[in-house]
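Inspection log for the structure reproduced underneath, given as structure tokens.
The values are calculated or read from the model by the stated rules, or taken from the named source; none is laboratory data. This is a predicted model, so every value here is computed, not measured. Here the Cβ positions follow ideal geometry from the backbone for every residue, glycine too, while neighbour counts run over all protein chains shown. Just the protein is used for accessible areas: all its heavy atoms, side chains included, with ligands, DNA and RNA removed. Shrake-Rupley method; radii C 1.70, N 1.55, O 1.52, S 1.80 Å.
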Amino acid sequence: MAAKDDYLLENLIDLGYVNYGQVEALKAEAEAAGSGVVDLMLDKRIITSAILTQAKAAHFGVEMITLSDVRLDDELISSVRRDVAKRYRVVPVFRHGNHLTIALADPSDLNTIDSLQHILRAELDLRVASDEDIDAALKKYYGADDSDLGKMIQDITEGEVEVGAIGAGGEDNGETVDADAPIIKLVNGIILDAFKMRASDIHLEPLAKSFRVRFRIDGVLHEMKSPPKRLQASIISRLKIQANMSIAEKRIPQDGRIQSQVGVKTIDLRVSCLPTNHGESIVMRILDKEGLKLGLPELGFFTDDQQTFERLIALPDGILLVTGPTGSGKTTTLYSCLNFINRPDRKIITVEDPVEYVLAGINQVQVSEAIGMTFAMALRSMLRQAPNVVMLGEIRDYETASIAINASLTGHLVFSTLHTNDAPGAVTRLIDIGVKPFLVASSTRAMMAQRLVRKICKKCAAPFTYSETELRALGIDPGTQGANFQKGKGCSECNKSGCKGRFGIFEIFVLNDEARKLVYDKVPSSVLRAQAREMGMRTLREDGARKVVAGLTTAEEVIRATTGDVE
């Protein structure tokens, strides 16, 4: 903040954020340092950017706006060109006829306002937003400075480049396409932006009048700047070519893989194409190999659970089941287990559909139903390879479950996943698909249910007081000693969400002799769960509550992830 902005001092004093004594002391310090007083206040964190914005709004009698709370459509954004928005740091927020409401950080800059009136040829109504809010909005709606994605979309939209269908007559082997073609650059830009924003999935969805692009970041979908509808066919064709799919076939689902280079790093994308009413919908899962280097603490285990889990995965035989819905991190947990026990004296074989990550030192088998290579066939054959450890991507039917259990009873350690809501429910599921209760009781060592919750952003985390209702829902005593309740305020690091990254909450059920007897007697899941609780099993919600108390995640996250986990 320059010295010319010292006119704001009176407003800051009137608003009660500083007093005259502080201002006088800061003036002397600022003069010695050769900086503005407001600048110094920001550096010393006496005031925040939001407080400064409030003072500006009060001084000029202009309304303050929080851009992150406003949803701006493409038509409105297109009313201010990208180069103009970037140059003058301005964001359009509302338009009615010839009146355009814009948000800017400095309402005292009359030269900027005058220039904008000439460029935009509209009557301007001003709103004031913080510098951080303006930066975030420019990045969201016009593209980041280090990305040309927004410009590519704008260039193509403005008709500066003529784009047709890729290839002639629906045929293209991908070799004759110009690497600088706008569509190719646009597709590469979408993948690059997703990777930079730590997205796990890219969703390209054809709607009736638009072509929607969304990124899933930390489990939550965020709508991004979308290409115009007329580019839909060309973008989808380009992605299908890259994923080795047939661009002539538009009636049936297809799957493929794309390998993309981002700097010196190679990333893999698993691509799924599904025909819908308005065209083909494409979802690309970004397979981040860095996630496989996670140790057990990074997965979210507290010390006591980690010790229990390390003891379980070091057993010589038996079955260890990881349960949870799709997208709950089961595969990442299993890969981390394999990394933990991967040693030269152990032979490890996996059967997966598909093989998502390539692990050094581990034999991985790809299931292919088309040629009869089923889970059961692969598992039966791999046992002749004399492995010590077997990982089965998922137990789906009786045949697979039967072979896996027999393998565990003949001296193999078997890891697998099941789709059940809680840990004890895995027993009921195995019995339901036809496995004899005595086989389940004798082979199963433990079952672990898990969910993913978002981490509080470390950069903007701040102490927070939860309501009694929220704490009561988690079974937390408001007077808990040593509680460190936190919540992210939202910053540029976490894209104003207050959360960055995810980790697991867990429910570990280790079978003892009493529990095995109940399994053998084929008791209902509720009875088995009650026994597990008596044995000291901590539920998903209870484990989540511990992590809320520790200041790692929020009460809302745990309640959302464990809605069905109420005793």
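Place a +1 charge on the Cβ of each Lys and Arg in the chain and a -1 charge on the Cβ of each Asp and Glu, then give the dipole magnitude about the Cα centre in debye, rounded to the nearest 20.
On the way: 69 positive and 77 negative charges, 321 e Å.
Result for the chain is approximately 1540 debye, rounded to the nearest 20.
What does the net charge come to around Arg95 if you take all other residues with beta carbon closer than 12 Å to its beta carbon, with K and R at +1 and D and E at -1? Write out the running numbers ahead of the final one.
Working: positive: none; negative: Asp73, Glu75, Glu123, Asp125.
For residues surrounding Arg95, the net value is -4.
Near Lys56, which lysines are there with a Cα under 16 Å away, not counting those fewer than 8 places off in the same chain?
Lys4
How are the C-alpha pair distances of the stretch 428-496 spread across 10 Å bins, as whole percents from the shortest bin up?
15, 26, 20, 16, 20, 3
Can you tally the net charge around Ala462? Count Lys and Arg as +1, Asp and Glu as -1, for every other residue whose Cβ sits under 9 Å from the Cβ of Ala462. Mind showing how you got there, number by number?
Values: positive: Lys487, Lys489; negative: none.
Net local charge, Ala462 excluded: +2.
Take the alpha carbon atoms of the stretch 433-567, find their radius of gyration, then divide it by 2.2 N^0.38 Å using N residues; give the quotient.
Working: Rg = 18.2 Å, N = 135, 2.2 N^0.38 = 14.2 Å.
Ratio of Cα Rg to 2.2 N^0.38 Å: 1.28.
Hey, can you rank 182-192, 476-486, 118-128 by average C-beta count inside 10 Å, highest first? Write out the running numbers ahead of the final one.
Values: 182-192: 20.4, 476-486: 13.0, 118-128: 15.5.
Highest mean packing first, the order is 182-192, 118-128, 476-486.
Ordering Thr374, Thr48, Thr465 from largest to smallest accessible area (1.4 angstrom probe), what's the sequence?
Numbers: Thr374 45, Thr48 70, Thr465 120 Å².
Largest accessible area first, the residues go Thr465, Thr48, Thr374.
Which pairs, out of Lys459/Lys547; Lys196/Lys250; Lys347/Lys436, put more than 26 Å between their alpha-carbon atoms? Don't jump to the answer; show the numbers that get you there.
Numbers: Lys459/Lys547 18 Å; Lys196/Lys250 31 Å; Lys347/Lys436 29 Å.
Violating the 26 Å Cα-Cα cut-off are Lys196/Lys250; Lys347/Lys436.
Within the P(r) computed for the stretch 479-546, what percentage of the Cα pairs occupies the region above 16 Å? Each step should come with its number before you reach the end.
Working: 1467 of 2278 pairs.
More than 16 Å apart: 64 percent of the Cα pairs in the stretch 479-546.
Taking C-beta distances below 4.7 angstrom as the pairing criterion, name the unpartnered cysteines of the chain, in sequence order.
By the Cβ distance rule, which asks for a partner under 4.7 Å, the isolated cysteines are Cys273, Cys337, Cys499.
Just the number, please: carbon plus sulfur as a percent of the accessible area of the chain, 1.4 Å probe, no ligands or DNA/RNA counted.
Numbers: 13610 of 27330 Å².
Of all accessible area on the chain, carbon and sulfur atoms account for 50 percent.
So if I take the alpha carbon set of the stretch 409-463, get Rg, then get Rh from the Kirkwood formula, what is the Rg over Rh ratio? Don't skip to the end; give the middle numbers.
Working: Rg = 17.4 Å, Rh = 14.0 Å.
Rounded to two decimals, Rg/Rh equals 1.24.
Kindly rank 312-325, 526-539 from highest to lowest mean number of other beta carbons found within 10 Å of each residue. Intermediate results must be reported in sequence, preceding the final value.
Working: 312-325: 18.9, 526-539: 16.9.
Descending mean neighbour count gives 312-325, 526-539.
Could you sort the peptides 78-87, 354-363, 50-59 by per-residue average Cβ neighbour count (10 Å cutoff), highest mean leading? The partial results should precede the final answer.
Working: 78-87: 15.8, 354-363: 14.2, 50-59: 19.6.
The peptides rank, most packed first, as 50-59, 78-87, 354-363.
Per residue, how big is the convex hull of the stretch 375-448 when only Cα atoms are used? Give it in Å³.
Numbers: hull volume 5.8 nm³, N = 74.
About 79 Å³ per residue, rounded to a whole number.
Share of antiparallel DSSP beta bridges in the chain, in percent to the nearest 5? It would help to have the intermediate numbers written out before the result.
Details: 54 of 85 bridges.
About 65 percent, rounded to the nearest 5.
Write down the Å³ per residue value for the convex hull defined by the alpha carbon atoms of the stretch 335-470.
Details: hull volume 24.6 nm³, N = 136.
Taking the convex hull of the Cα positions in the stretch 335-470, it is 181 Å³ per residue.
On the first, second and third principal axes, largest extent first, how far apart are the outermost C-alpha atoms of the chain in Å?
Its Cα atoms span 81, 71, 42 Å along the three principal axes.
In µm²/s, what is D for the stretch 184-239 at 25 °C and 0.890 mPa s, where D = kT/(6 pi eta Rh) by Stokes-Einstein and Rh is the Kirkwood radius from Cα pairs?
The diffusion coefficient I find is 213 µm²/s.
Calculate, for Arg87 and Phe438, the FRET efficiency according to 1/(1 + (r/R0)^6) with r their C-beta to C-beta distance and R0 51 Å; round to the nearest 0.05. List each step's numbers first, then the result.
Details: r = 75 Å, r/R0 = 1.47.
It comes to 0.10.
Mind putting a number on the dipole of the stretch 389-441 about its Cα centre? Charges go on the C-beta only, +1 for Lys and Arg and -1 for Asp and Glu, and I need it in Debye to the nearest 20.
On the way: 3 positive and 5 negative charges, 22 e Å.
My answer is approximately 100 debye.
Taking just the alpha carbons, could you work out the radius of gyration and Dmax for the stretch 35-141, both in angstroms?
Both quantities, over Cα of the stretch 35-141: 14.0, 44 Å.
What whole number of Å gives the distance from the Cα centroid of the stretch 97-122 to the Cα centroid of the stretch 318-388?
The distance from the Cα centre of the stretch 318-388 to that of the stretch 97-122 comes to 60 Å.
Please report, largest first and rounded to whole Å, the three semi-axes of the ellipsoid equivalent to the stretch 234-285, where each semi-axis is the square root of five times an eigenvalue of the C-alpha gyration tensor. Walk me through the intermediate numbers first.
Numbers: eigenvalues 97, 19, 17 Å².
Equivalent ellipsoid of the stretch 234-285: 22, 10, 9 Å, largest first.
Based on DSSP H assignment, which helices of the chain show an axial Cα extent of at least 18 Å together with a mean Kyte-Doolittle hydropathy greater than or equal to -0.5? Before the final figure, lay out each step's value.
Numbers: long enough: 20-33 (20 Å, -0.19); 182-196 (21 Å, 1.17).
Qualifying helices, which must be both long enough and hydrophobic enough, are 20-33, 182-196.
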